[in-house]
Every structure is written in structure tokens, then in C-alpha cells.
Amino acid sequence: MYAVQTVLHSVIASVLADCALLAWNLKTPAVKQRFRFLALFLPVALFPIYQAIFPRRGDVYFRLESLVDANKWFFLDIWGGIPLLALFVAILILTAAIFFVQEFVPIVFQMLRQARGDEETTEQRQDEPIERKMLEAIEGLPFSEDSVEILNDEDLILFSSTGFQPKIYVSTGLIESFSAEHLKAAFAHEIGHIRRSRKPLLLTAYILRMLMFYNPIAMIEFRKLAQEEEKVCDDIAVGLTGKPGALAEAIDMLRPAEESTKIRGIEGVASGIEHYSHELLLKSRIHRIGERDNDDLNWAMPYFVTVFFIIGVSYFIV
Amino acid sequence: METPVKKIGKISRGLLWFLVMAAVVIAFLTAVNRMPSVIRDDYARKYNTIEEVKLSLKPDRVLIPSYFPEGIFWPPSLIFAQKRPYKAVVMEFNGAGGKDTVLIVTESTLKGSDAKLQRISLTDVKEKTEYNLKGKPAILQVGICNNGASCSSMTWQDNNLHFTVLLMSSPFELIKIAESMIH
């Protein structure tokens, strides 16, 4: 029952949050994140709170007067005797599988790759022009050049590690491909990620996402939240460099080539979808950098109105 | 820079739009909730009469009391019935004054479902005994219900149907009601 209700409440929270963003025309990524966070946090908390306050919520009498009684749909037969509940459960299982394959396992690989990245940086920095370009790019940014690790790799690689000793990892291929200005913008974006890691929003969101590993709405909302995080870091980068154009060009240069995504079969379809989604995000970021617009609205009232409606409507959905 | 009046105007307009969107969402949910009942009419819903229940759900049988203590009258103040996820018929009767439920009769194919089906239940059992209800083994319980009132209940099984009668009164009247249901 908890699983069913968290999914249903997630749907309501997601829809109402989107309605709020549309109604008040809220564009600032950090503000949009706060609204999307509702779809992750509230569904986890609401059901136990409702049951504690009104234990008979969910009995027949309540269901008779409810806004939505999910049992009515779940016990509908489809394909000769199989209830719709079976399809619902199948979707939850598929979502859980996607979580483990697409998110949990890659995180483990990422951690291993970062460890490998540490090992690679024990190599001597031999190429002086590369190091000089890196130093030129990091100059003026609030980050120590000692915390920048250069990876000997021709591919365009750039990522950061957070924690007590944050580091930026950049490949020689990327340093060679980018100008100092583009590199500065890219570094500034990573500094944004490092700064943001000190605020617990994304970490908390991911913990909630893990708790609802079966919830397809939580999966979608977390991805949207992560996409907004990229835009927040873009804003930080522009704030640090004062050059939005350089950042937009740097992002454009990071777009993967078409040829590298031609894989056949089901893997090809999944890869194609992932590539298309990534393309859309990068294009949206480039477009947004060009037309950055912050809300001039105090978002507190819209936020509380949205929370109120989510709590109120979700109560009557069982 | 926008004036405070313009900002308040923006917030107000946004609030209006949000309320409209929320109303659309609620209307949509209401329609979604009604759709299964259009396809099938055997989900839990209220009925006006027992005859409607018999016509709609065609239950195997519905046992109706023919004896009512003073102050309780036929027809029931509330009838609801379902076929999914299990068969059940619930009748509530109000007492004198017509406000409070004093008698609940439930029958269902799921044993123990009376706790879910009844809005009032016997929570503090003072006495529990077996009773021979016209040849059928029954359990008679006396105690306090969750609404704080003294009450008694009788439960028995007949073939695949489980019956429960709950009365906000003495067990003697309850036994008469239960016996009037069995012919």
C-alpha cells in the first residue's frame, strides 16, 4: 500500500509542481529545483503522516468519498483475467531494474574510475604547454591549481570529485581542444558543482530517489532535478567568468559526435534515447545561457501554496 | 525595477492561474475515479435500497433482519456493497433522532473483513462467548466500541459468507436481531 500511495502522490506532486512553475512563470533553475524536490520528498513522508493522524484512512468508507480510489483501477481485468495491478507492479519492477542498471551500477563504476584517475595522476606532467594552458585557465578562479588533476587521455573528459578534498579532473585531450577561455568556463562550471555539493539538496534528493527506487515518477523528477543542477552550475560559471559566450561554446564542443553512438539492436535504441536526451539537455543549456533570465518574483508564497495543495489533494488519493 | 504593486499583481495572476490548473487536475482525477464504475459496477459504492444491490450485484443472498429494537427502523440509513475485491454488503441503521449509527450488519466473503467494512468496531472486549444461533456456531462479544459506547457483536459463518451484527446496546436485543436474520 505504501508503494502504491508513494507513486500516486508522486504523480500529484509532480503535476502540481509543474503547474506552479507554469502559473508563476518561474525560470530560475535553483527555484525550479526546490519545486521538483517536492515530488521526491512529500510522497515519502505523507503516507505515514496521514495514517498516524487518521488511521482509518484507506478503509472502505474513506475510499467511497475519496478523490481517487486506486483499487477501482487495479482490479480491472485486462487481457482475460489479469488485473491492471499486474501491469502496475511490472512497471515498478522495471523502474527498479532501470535504477540498478542505469544509476547504481554506473555510480560504482564512476567511483572506480575516479580511483583510477587518482592513479593516473601519479604520472609526471610532461607536457609544459598543457600545464601552462591549465594554469592560465584556473587563474582568477577560486580554486587551487594543485587540486586540478590532468588525465592522459585523448578523449574530452572533465569531471569533479567532491568531499573534503575536491578535485577537478581534466584530460589532455580536452586541454588541447579547448582555448584557455573555454577551459576557464569549463573549470568554473565544475567549481559550481563542488560548491553546490556542500548544500545537501541534491544528496538528499538522491537518498529519497534511492528510497523510491521502484517509483518511475521519482526517477523522472530526479533526472529533471539533476538537469536543473547543470543549469545552476552554468549560472555559477557565468558569475565567476563573466563570459557566457565562452561557456556556451565550451558546452557545444562537448557534444558527442553522431558516429560514436551508432550501436545496433536494443542497446542501440537505449543508447540512442540517452544520446538524444543528452543532446536536448546540452542544447537547452546553450540556449539558456544565451538568454539567461532570473525570476524577479518572490517564490516563497507560490511554494507554500503548492505544498498546501499537494498535501490536500494527496490526502484524498488512496 | 518593478514596483511592489506590479509584483503583487504578478503573484496574484500566478495564483489565479494555479487555482485554475489545480481545479482542472481535480476534475480530471474525479473523472478518472468514475471511469472504472462505468466499465464495471461491482466496486464498492453506495446504494439507495437493498433491491438495487440485488439487481446490480446479484449476490448469492442478502440476509436482512426482520426484528428491530425500539428506536431502530428499516430502511438502512446507509447501504454500500461491492463485488470486488471481495463480495460484501454493509447496512447501517441510525437510532432515534436519526444521527448516530446504532446498528451495523455486514456480510462478506472475506473472513475478518468486518474490521475494514465497519466504521464502528468493538475494540475493548469485556466478554466473549460461543453462542448457538439457530444451529449455527456464533461468537458473541460484549464490550466498548471505538466510539466509546457500550456495544455487542455477533459473528457467524454460513457457507462462504461471514456475517457480523454490531449493536450499540445490550446483547439480548442483538441476539434477537441476529436470530431474525436466519430462517
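Just so it is clear, none of the values below were taken in a lab; they were calculated from the coordinates. Keep in mind that what you see is a predicted model, and the values were worked out from it rather than measured. Heads up, the Cβs are rebuilt from the backbone with ideal geometry, glycines too, and the neighbour counts pull from every protein chain shown.
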GNM on chain A, Cα springs under 10 Å; top mean-square fluctuation among A:Gly163, A:Gly58, A:Gly192 goes to A:Gly163
Cross-link pairs beyond the 24 Å C-alpha cut-off, checked among B:Lys46/B:Lys87; A:Lys133/A:Lys243; B:Lys46/B:Lys126; B:Lys126/B:Lys176:
B:Lys46/B:Lys126
Within segment A:183-198, what residues put their amide N at less than 18 Å from the label point 7 Å along the Cα-to-Cβ vector of A:Glu136?
A:183-188
Tell me which DSSP H helices of chain A clear both cut-offs, 30 Å or more of axial length from alpha-carbon atoms and a mean Kyte-Doolittle hydropathy of at least -0.5.
A:2-23, A:29-53, A:216-241, A:265-290
Given 0.36 nm per residue, what is the gain on full extension from A:Phe304 to A:Gln51 after removing their alpha carbon distance, in nm?
88.8 nm
In degrees, nearest ten, helix B:171-181 long axis to first principal axis of chain B (Cα):
90
What FRET efficiency do you get for B:Ile139 and A:Leu201 if R0 is 56 Å and r is their Cβ-Cβ distance, rounded to the nearest 0.05?
0.50
At B:Ile39 and B:Glu127, where each label point lies 7 Å from the Cα along Cα→Cβ, what is the point-to-point distance in nanometres?
5.1
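What list do you get for A:Trp24, B:Trp156 if you sort them by fewest beta carbons within 10 Å? Numbers along the way, then the final one.
Numbers: A:Trp24 26, B:Trp156 21.
Exposure proxy ranking, most exposed first: B:Trp156, A:Trp24.
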So what is the relative contact order for chain A, in percent, with contacts set as C-alpha pairs under 8 Å and at least six apart?
27
Under the classification rounded if a/c is under 1.5, otherwise prolate if a/b is larger than b/c and oblate if not, where does the protein assembly as shown fall, given a ≥ b ≥ c as square roots of the Cα gyration tensor eigenvalues?
prolate
Among B:Ile104, B:Ile144, B:Ile79, residue whose mean-square fluctuation peaks in a GNM of chain B (springs only between Cα atoms under 10 Å)
B:Ile144
When only C-alpha pairs under 8 Å and at least 6 residues apart count, what is the relative contact order of chain B, in percent?
15
For B:Asp42, B:Asp124, what's the fewest-to-most ordering of other Cβ within 10 Å of each Cβ?
B:Asp124, B:Asp42
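If r is the Cβ-Cβ distance from A:Arg223 to A:Ile78 and R0 is 45 Å, what FRET efficiency results, to the nearest 0.05? Could the numbers behind the result be given before it?
Numbers: r = 29 Å, r/R0 = 0.65.
Computed FRET efficiency for A:Arg223 and A:Ile78: 0.95.
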Would you mind telling me the antiparallel percentage of the DSSP bridges in the protein assembly as shown, rounded to 5?
90
Rough spin-label spacing in nm, given labels placed 7 Å along Cα→Cβ, for A:Asp155 and A:Ser284
2.5
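What does the charge dipole of chain A about its Cα centre add up to, to the nearest 20 debye, if the Cβ of each Lys and Arg holds +1 and the Cβ of each Asp and Glu holds -1? The partial results should precede the final answer.
On the way: 31 positive and 41 negative charges, 320 e Å.
Here the size comes out at about 1540 debye.
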Compute the relative contact order of segment B:2-96 as a whole-number percentage, counting only Cα pairs closer than 8 Å that sit 6 or more residues apart in sequence.
24
I'd like the distance between the alpha-carbon centres of segment A:86-101 and segment B:125-174, rounded to an integer number of Å.
45
Once the dipole of the protein assembly as shown is set up from charges on Cβ (+1 Lys and Arg, -1 Asp and Glu), the residue from the list A:Ile273, A:Val305, A:Leu141 lying farthest towards its positive end is A:Val305
Taking every other residue with Cβ under 10 Å from the Cβ of B:Thr164 and scoring Lys and Arg +1, Asp and Glu -1, one gets -2
With axes computed from alpha carbons, what is the tilt in degrees of helix B:4-39 against the longest principal axis of chain B, rounded to the nearest 10 within 0 to 90?
40
